[in-house]
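Comments concern the structure below.
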Amino acid sequence: MAATVWKGFISFGLVSFPVRLNAAARPETIRFHMLHKKDESRVKEVWYCAEENKPIERADIVKGFEVKKGEYVVIDDEDLKKIAPPTATTMDILQFVKSDQVDPTYFETSYYVGAEEGGAKPYSLFVAALTATKEDAIAKLSMHNREHVVLIRASEGALVLHTLYYPNELHKANRSETPKAKYTAKELELAKGLVSQLTAPFKPQEFHDEYRENVERLIEQKRKGGKITAVKQPRKAPVIDLMEALKRSVKAAESKGKKPAGKRKAA
C-alpha cells in the first residue's frame with residue numbers, strides 16, 4: 001500500500017470530510033553508490049562533531065537554528081507540534097479559481113487525495129462540484145514543517161492536490177527578456193502551419209527517458225567488458241533563411257504525417 005504523507009480533513013463551508021495524501025509521482029533515476037576508488041568498497045556517510053573532533057551517532061543529533069555566529073536555539077519535534085497551525089490537520093477551502101488561472105510555474109509537488117472512511121459522499125460531491133463548475137479549490141495545508149498554499153482539482157473522478165510555490169520563491173530575476181524582433185505575416189502563417197502539422201493528442205505513455213536507457217545500456221556494456229556505444233549528437237546549423245527553414249519544416253512534417261510526439265525524431 002502506498003505510504004500516506006498526510007491525514008486530515010478538507011473543510012468546505014460547514015462540510016468537512018476526512019482525506020489522506022499519497023505522493024502522485026517521483027522521478028525515476030539511476031542511483032549510483034559512492035565507492036572508494038582504490039578498492040571499490042562502499043563509502044559510508046559519517047556524522048562528525050566539530051567541537052569534540054570525533055564521529056557521533058545519529059541518535060545524538062538535534063535540530064538547531066543559528067541566531068548568531070556559533071549560537072544556536074535547539075528545536076525538537078515536540079516543540080514544532082505545539083506551534084503547528086490548524087492547517088496541520090484541516091485544509092480550509094479559501095477560494096475557487098478557474099482551472100486555467102494558476103500559472104504552472106507555481107506548481108511544486110503533486111499528491112493523490114484519497115477519501116478516508118466516512119467521507120465517501122462529501123468527497124464524491126466535492127469532485128462533482130469541481131467538475132461541473134470547471135473550478136479548482138485553493139486551500140492552505142501544513143506538513144513537513146511548512147505551511148503550503150495548495151490547489152485541489154478534479155481529475156478522472158478523484159481529487160489531485162498540488163502544493164504551490166509562494167511568489168517570493170519564484171526566481172523571476174532568472175527569467176530571460178523577450179527579444180524584440182520583427183517577422184512577416186507569411187512567416188507567422190508558415191509557423192502556424194508547422195504547429196498544426198505537429199499537433200497530436202498528448203499520450204504520456206509514448207514518452208520515455210532516453211538518457212536513463214542509455215545509462216542502463218552503458219552499465220550492461222561495462223559489466224560485460226564490451227565496447228561502449230557512443231551516442232551521436234545532432235549538428236544544428238544556424239538558421240540563415242527563416243522562411244526557407246519554415247517551408248522545409250512544414251514539408252517534412254507533411255510527408256511524415258501527424259505522428260505522435262513521442263515517436264518523432266529530432267530534425
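The values are calculated or read from the model by the stated rules, or taken from the named source; none is laboratory data. In this text, all values refer to a predicted model and were calculated from it rather than measured experimentally. So basically every Cβ, Gly included, is an ideal-geometry build from the backbone, and we count neighbours across all protein chains shown.
Laid out as a table, the results:
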| quantity | calculated |
| --- | --- |
| Test: residue in region 15-37 that is closer than 19 Å to TYR112 by Cβ, surrounded by 10 or more Cβ atoms within 10 Å (Cβ to Cβ) and in contact with a Lys or Arg (Cβ under 6 Å, 6 or more places away or on another chain) | yes |
| LEU130 vs. criteria outside the structural domain of LYS247 (by TED's automatic domain parsing) and within 22 Å of VAL15 (Cα to Cα) | yes |
| Matching entry among GLU66, GLU51 (being loosely packed, with under 10 Cβ neighbours inside 10 Å and either modelled with pLDDT of 90 or more or under 14 Å from HIS162 (Cα atoms) (or both)) | GLU66 |
| Strands (runs of 3 or more DSSP E) lying entirely in region 1-92 (those with 1 or more residues that are under 25 Å from the mean Cα position of the chain (by Cα)) | 4-12, 15-23 |
| Residue satisfying all of: in region 128-164; farther than 18 Å from THR90 by Cα and buried (at least 18 other Cβ atoms within 10 Å of the Cβ); nearest to the chain's Cα centre (by Cα) among these | ALA154 |
| Matching residues in region 197-215 - criterion: being within 29 Å of ALA230 (Cβ to Cβ) and of a type in the set (Lys, Arg) | ARG212 |
| Residue match in region 95-104 (condition: touching a Lys or Arg at 6+ places or on another chain (Cβ under 8 Å), farther than 21 Å from ALA25 by Cα and not assigned by TED's automatic domain parsing to the domain that holds LEU161) | no |
| Checking LEU198 against (1) at pLDDT below 90; (2) within 30 Å of TYR111 (Cα to Cα), the condition it does not meet | (2) |
| Failed criterion for THR109 (all others in (1) of a type in the set (S, T, N, Q); (2) touching a strand residue (DSSP E or B) at 6+ places or on another chain (Cβ under 7 Å); (3) not in a strand (DSSP E or B) hold) | (3) |
| Region 93-106: number of residues that are in a helix (DSSP H, G or I) and hydroxyl-bearing (Ser, Thr, Tyr) | 2 |
| Residue in region 192-208 that is out of contact with any helix residue (DSSP H, G or I) (no Cβ under 6 Å at 6 or more places or on another chain), over 30 Å from ARG31 (Cα atoms), of a type in the set (D, E, K, R) and not assigned by TED's automatic domain parsing to the domain that holds ALA23 present | yes |
| Any chance HIS162 is at pLDDT 95 or above and more than 16 Å from VAL15 (Cα to Cα) | yes |
| Within region 209-225, considering residues that are of a type outside the set (D, E, K, R) and either surrounded by 10 or more Cβ atoms within 10 Å (Cβ to Cβ) or in a helix (DSSP H, G or I) (or both), the one farthest from the chain's Cα centre (by Cα) | GLN221 |
